[in-house]
């Protein structure tokens with residue numbers, strides 16, 4: 001399969017200049033991208049919005065294509081020629097760099113993505129007479145698509161991609177106990193804060209957890225009961241202040257902070273809690289984010305109610321917070337607080353090393369990647385690690401690559 005002559009560092013420089021400005025505003029670039037789109041129509045689309053994809057290889061080029069050593073030296077980015085070469089090879093470790101081209105069409109607008117980043121947006125009518133010229137990048141894309149389609153016509157494209165696409169660009173899964181076998185220190189670090197007895201108690205509880213909510217209910221819910229329940233989880237995980245602070249002070253210290261007025265209501269009034277709970281205006285904050293973290297790394301304790309009474313739903317299945325979540329759940333159960341644990345079976349499998357870790361491409365953020373594993377219940381994701389890479393590759397079950405065919 002022929003590879004376009006423009007080296008990857010030059011392509012990346014062109015991509016850098018176009019970032020944050022994907023709208024195509026000049027006639028030349030629009031013509032080139034439109035022509036490329038027309039050629040892409042020859043292959044079968046996958047998914048919504050006429051999504052079509054190709055893997056495009058680009059040569060790494062020489063170190064001179066990467067940059068000027070004297071400039072890097074003058075600017076203090078490197079201190080020697082050897083350091084400059086190390087920097088080059090760290091940025092471009094393989095002789096070929098691969099780009100994933102994706103095209104979609106939505107409401108008469110053509111979108112071009114490279115490695116999941118929007119680079120071109122072509123609307124039916126040019127919006128103004130902007131003089132920025134991105135035709136060099138558009139010409140490379142058109143030439144690369146031509147090369148891919150020629151190789152596809154010759155029956156070479158799919159085999160070349162299968163044989164050469166690096167595993168860092170692929171999707172797969174690895175059994176956690178196999179990952180721990182290769183990285184035993186990861187297992188030790190993960191399980192250091194939970195005892196075998198706690199694990200066994202948790203496994204037994206999850207075996208009997210109903211599918212949607214706990215069997216028991218509380219007759220009422222109050223501000224104080226909610227904060228005291230949070231305190232149980234904080235104490236189980238030895239959060240700072242559990243021996244000296246009140247439940248409200250602990251919540252202020254460890255929760256998200258956007259309490260939606262929860263802390264302002266009467267502590268002991270079930271009527272005030274119910275009125276606050278059912279007030280639809282109280283939906284702009286995060287009162288249930290009781291252990292703050294990132295979008296996917298916090299722990300939430302939700303109050304729930306139905307015609308039988310009140311209970312809690314506990315959620316926190318990220319790998320980095322999963323042990324905390326399990327200990328929180330155990331503490332609630334030990335004190336007779338009805339709680340339902342989201343992803344309980346998955347967390348049990350995680351603790352036992354019996355779940356799968358999803359391996360996602362390097363350009364994909366390793367969170368919220370369940371859509372890449374549509375028929376599998378995988379909740380933890382990672383990139384292919386730099387250490388022991390060969391052993392990991394051997395242990396991973398890799399998804400077959402999508403074959404490109406003519407429509």
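Ellipticity at 222 nm from helices only: DSSP H runs of n ≥ 4 in the chain, each -39500 (n - 2.57), divided by the residue count, give -11500 deg cm²/dmol.
Evaluated at 10 °C with a viscosity of 1.306 mPa s, what Stokes-Einstein diffusion coefficient in µm²/s does region 265-407 have when Rh comes from the Kirkwood expression over alpha-carbon pairs? Show your work: numbers first, answer last.
Numbers: Rh = 18.3 Å.
This corresponds to a translational diffusion coefficient of 87 µm²/s.
In terms of overall dimensions, the chain has a Cα radius of gyration and Dmax of 27.1, 76 angstrom. More than 27 Å apart: what percent of Cα pairs in region 184-352 qualify? Everything past 27 Å amounts to 23 percent. Just to be sure I understand: with springs between alpha-carbon atoms less than 10 Å apart, which residue in 174, 63, 357 has the highest mean-square fluctuation in the Gaussian network model of the chain? Greatest mean-square fluctuation among the candidates belongs to 63. The angle between the Cα long axis of helix 135-153 and the longest principal axis of the Cα atoms of the chain comes to about 90 degrees, rounded to the nearest 10. Rounding to the nearest 10 and keeping the result within 0 to 90°, find how far the Cα-based axis of helix 27-40 lies from the longest principal axis of the chain. Rounded to the nearest ten degrees, it is 80. Rounded to the nearest angstrom and listed largest first, the equivalent-ellipsoid semi-axes of region 72-135 from its Cα gyration tensor are 38, 18, 7. Using a Gaussian network model of the chain in which every pair of alpha carbons under 10 angstrom is joined by a spring, one finds that among 123, 51, 281 the greatest mean-square fluctuation is at 281. Over every Cα atom in region 169-261, the radius of gyration and the widest Cα-Cα span, Dmax, amount to 18.6, 53 Å. Just rank 182, 43, 379, fewest to most, by other beta-carbon atoms within 10 angstrom. The order, fewest Cβ neighbours first, is 182, 43, 379. By the beta-carbon count within 10 Å of each Cβ, the least crowded to most crowded order of 350, 1, fewest first, is 1, 350. As I understand it, the value is the acute angle between the Cα axis of helix 223-236 and the longest principal axis of the Cα atoms of the chain; what does it come to in degrees, rounded to 10? So the inclination is approximately 70 degrees.
Compute the separation of the alpha-carbon centres of region 361-375 and region 283-304 and state it in Å as a whole number. Cα centroid of region 361-375 versus Cα centroid of region 283-304: 23 Å apart.
Bear in mind these aren't lab numbers, they're just calculated from the coordinates by the rules spelled out. Note that the structure is a prediction, hence the values are computed from the model and not measured. Quick reminder, even Gly has a Cβ in these numbers, built from the backbone with ideal geometry, and neighbours come from all protein chains shown.
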